[in-house]
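See below for the structure under consideration.
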Amino acid sequence: MRTCFALTITTWLCATIAVTATAKESEDGFVSLFNGKDLSGWVKRGGSAKYRVEDGAIVGECVPDTPGNTFLCSEKEFGDFVLKLRYKFLESGNSGVQFRSASREEGDRQRVFGYQAEMRPGGDMTGRIYDEGRRGHKHGIIWLDAFTPQDRLDVAQESCREGEWNELQIQCVGPSIKTWLNGNLVVDLFDSFSMKGFIGLQIHSGKSGSVAWKDIRIKDLGESRWQSFFVKNDGGYELDGARFVLPEEWSFTEDGILHGVHSKSQGKDGLVISDDNYDNFIARVTYRMHGGNSALYFRAEETSAPWVLRGFQNEIANNGKDSALWHTAGIIEGKTIPGRGWIVTNDELVERVRNKDDQWNTTCTAAYGDRLVQTLNGFCTSDIIDEECEKTGKLGLQMHGGTDCEMFFKDFEVMPITNEMAKLIERE
């Protein structure tokens, strides 16, 4: 019996040590943003809600019928991170957690803007991404994660314990934004509107609302940065990491805008082609055009065709096909390798979010394995899995051959997704 008892105790101790080690390991690298005693390290911005510390938690309380949402904001800013916290609604209302956010002066108060992970008492929409003070409700679009599957939202919502403590996680790694509610994945989004900012605890304006937060901890993963193909030197601007095709058609203005003019008498394409191949990345370009046709090429290969590149085009057409995906053909060793044509279009949405009348537009492509995501002016126009897609290739800017075309590119940037970043992005 003693032997059995000793073995039982030994087994229990080993199990306890293993569980403790596992728990500690899972929290390695996390630091607390809240000391449990006071609001050191936080600053209030926005409206008139009140914040206090009570029983080791931050409690925010709405002041009824006062204007503006209120935010308790971290003094420190974060770029890439994993944030974990627990929350409980003490009184029904609306709340959220800001991240990669900033503020601006607006009247007699500071207006907070940026990403917000939604919080609601019953879990409905909790974890979805809203853009406070920036893109929210623009063009009638509320949620940035418009392609989140409903069944995933249902599972997360069902896990919510109304009136009790729930855990919310937010992870930002480069362009990847993910959220979890009680361990259930809610949002898996690629977006690049801002890459760094403060954390904020929101109390929504209205008739009522009170929320408590505790166990607020964060793992700081540094900051992901854009790499520009346009660089300034002593003599002006030039390409860095890319080259021109038909260089006589391209020039930089004094303020760094790339200007291209192409004649319909020229059958070849005018191009900017990256020196390197890119597999997993996000790329963006801000453009303005006067006629013709253009594109942001990605995962493309160089061929002997007059248009040179074969692969994906994020279309730039100054119409409903902006940010649509076209897959073009090529010529290799005298043989035409066909393309696949239109892969995905979304004309109706594009016409809503596209800036017209010679204004600037920004299009982005995120490519991650078989997943291809396009955004136009910050709104996702497509998010697809394409198992036939190329897995690597060149980036490029196009002026289409055989047509009169004038293009202006304000920027051309890429943010590679490294293997280290991918390990976190893959986390379920």
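Among the listed pairs K232/K321; K138/K423; K76/K219; K264/K391; K84/K196, those whose Cα-Cα separation exceeds 22 Å are K232/K321; K138/K423; K264/K391. Between A317, A295, A283, where does the largest GNM mean-square fluctuation fall for the chain, given springs only between Cα atoms within less than 10 Å? The residue that fluctuates most here is A317. Computed over protein heavy atoms with a 1.4 Å probe, the accessible surface of region 227-426 works out to 43 Å² per residue.
Taking the three principal axes of the alpha carbon atoms in region 152-203, the coordinate ranges are 33, 25, 14 Å, sorted in descending order.
Would you mind working out the magnitude of the charge dipole of region 31-221 relative to its Cα centre, with +1 at each Lys and Arg C-beta and -1 at each Asp and Glu C-beta, to the nearest 20 Debye? Provide the component values of the computation, followed by the final result.
Numbers: 26 positive and 27 negative charges, 87 e Å.
Charge dipole of region 31-221: 420 debye, to the nearest 20.
Of the GluC sites (Glu not before Pro) found in region 209-309, the ones in coil according to DSSP and having at most 16 other Cβ atoms within 10 Å of their Cβ are E223, E254.
Assuming a viscosity of 1.002 mPa s and a temperature of 20 °C, what translational diffusion coefficient in µm² per second does Stokes-Einstein assign to region 294-384, Rh being the Kirkwood radius over Cα pairs?
It diffuses with D of about 157 µm²/s by this estimate.
Take the Cβ atoms of D357 and D279, set R0 to 35 Å, and the FRET efficiency comes out at 0.40.
Over the chain, dividing the summed -39,500 (n - 2.57) contributions of all DSSP H runs of at least 4 residues by the number of residues returns a 222 nm mean residue ellipticity of -3500 deg cm²/dmol.
Between region 248-321 and region 344-420, how many Å separate their Cα centres? Cα centroid to Cα centroid, the span is 11 Å. Ignoring lysines fewer than eight residues from K37 along the same chain, the ones with Cα atoms less than 17 angstrom from its Cα are K50, K214. Taking GluC sites (Glu not before Pro) across region 106-201, the ones in a DSSP loop with at most 13 further Cβ atoms lying within 10 angstrom of their Cβ are E162, E164.
Under a Gaussian network description of the chain, with springs only between Cα atoms under 10 Å, the residue in A305, A367, A117 that fluctuates furthest is A305.
Decide, for region 31-221, between rounded, prolate and oblate: order the square roots of the alpha carbon gyration tensor eigenvalues as a ≥ b ≥ c, take rounded if a/c falls under 1.5, and otherwise choose prolate if a/b is larger than b/c, else oblate. Write out the running numbers ahead of the final one.
Values: a/c = 1.23, a/b = 1.14, b/c = 1.08.
Judged from the Cα gyration tensor, region 31-221 comes out rounded (a/c under 1.5).
Mind giving me the FRET efficiency for E333 and T253? R0 is 45 Å, r the Cβ-Cβ distance, nearest 0.05 is fine. Before the final figure, lay out the partial values.
Working: r = 40 Å, r/R0 = 0.88.
Efficiency at R0 = 45 Å is approximately 0.70.
With all protein chains in place and a 1.4 Å probe, the accessible surface of the chain carries 49 percent carbon and sulfur.
Distances between placed amide hydrogens fall under 5 Å for T126 paired with R120, all partners being 5 or more residues away or on another chain.
Taking the Cβ of E162 as the center, what net charge do the other residues with Cβ under 15 Å away carry, scoring Lys and Arg +1 and Asp and Glu -1?
Working: positive: R86, K88, R120, R161; negative: E91, D124, E158, E164, E167.
With Lys, Arg at +1 and Asp, Glu at -1, the neighbours total -1.
When the chain is modelled as a GNM with alpha-carbon springs shorter than 10 Å, which of R354, R161, R45 fluctuates the most? The residue with the greatest mean-square fluctuation here is R161. Using a simple spin-label model with pseudo-atoms 7 Å out from Cα toward Cβ, E301 and E75 lie 5.6 nm apart.
To the nearest whole percent, what portion of all C-alpha pairs in the chain is separated by more than 27 angstrom? Don't skip to the end; give the middle numbers.
Values: 52718 of 91378 pairs.
Pairs farther apart than 27 Å: 58 percent.
The long axis of helix 2-27 is offset from the longest Cα principal axis of the chain by roughly 50 degrees.
Got the relative contact order for region 227-426 handy, in percent, Cα pairs under 8 Å and 6 or more residues apart?
Reported as a whole number, the value is 32 percent.
Under the rule a/c < 1.5 gives rounded, and otherwise a/b versus b/c splits prolate from oblate, where does region 163-297 land using the Cα gyration tensor? Cα axes put region 163-297 in the prolate bin.
Between L90 and M195, 0.36 nm times their residue separation minus their Cα-Cα distance comes to what? Intermediate values should be presented prior to the final figure.
On the way: separation 105, 0.36 × 105 = 37.80 nm, distance 3.23 nm.
Once the chain is fully extended between L90 and M195, it gains 34.6 nm.
Take the alpha carbon atoms of region 61-107, find their center, do the same for region 219-238, and report the distance between the two centers in whole angstrom. Value for the Cα centre distance between the two parts: 31 Å. Can you bin region 241-297 into rounded, prolate or oblate? Criterion: square roots of the alpha carbon gyration tensor eigenvalues sorted a ≥ b ≥ c, rounded for a/c under 1.5, prolate for a/b above b/c, oblate for the rest. Judged from the Cα gyration tensor, region 241-297 comes out prolate (a/c at least 1.5, a/b above b/c).
The values are calculated or read from the model by the stated rules, or taken from the named source; none is laboratory data. What you are looking at is a predicted structure, and each value in this text was computed from that prediction instead of being measured. No Cβ is skipped: glycine too gets one built from the backbone with ideal geometry, and neighbour counts run over all protein chains shown. Just so you know, the surface numbers come from the protein's heavy atoms only, side chains and all, with ligands and any DNA or RNA stripped out. Shrake-Rupley method; radii C 1.70, N 1.55, O 1.52, S 1.80 Å.
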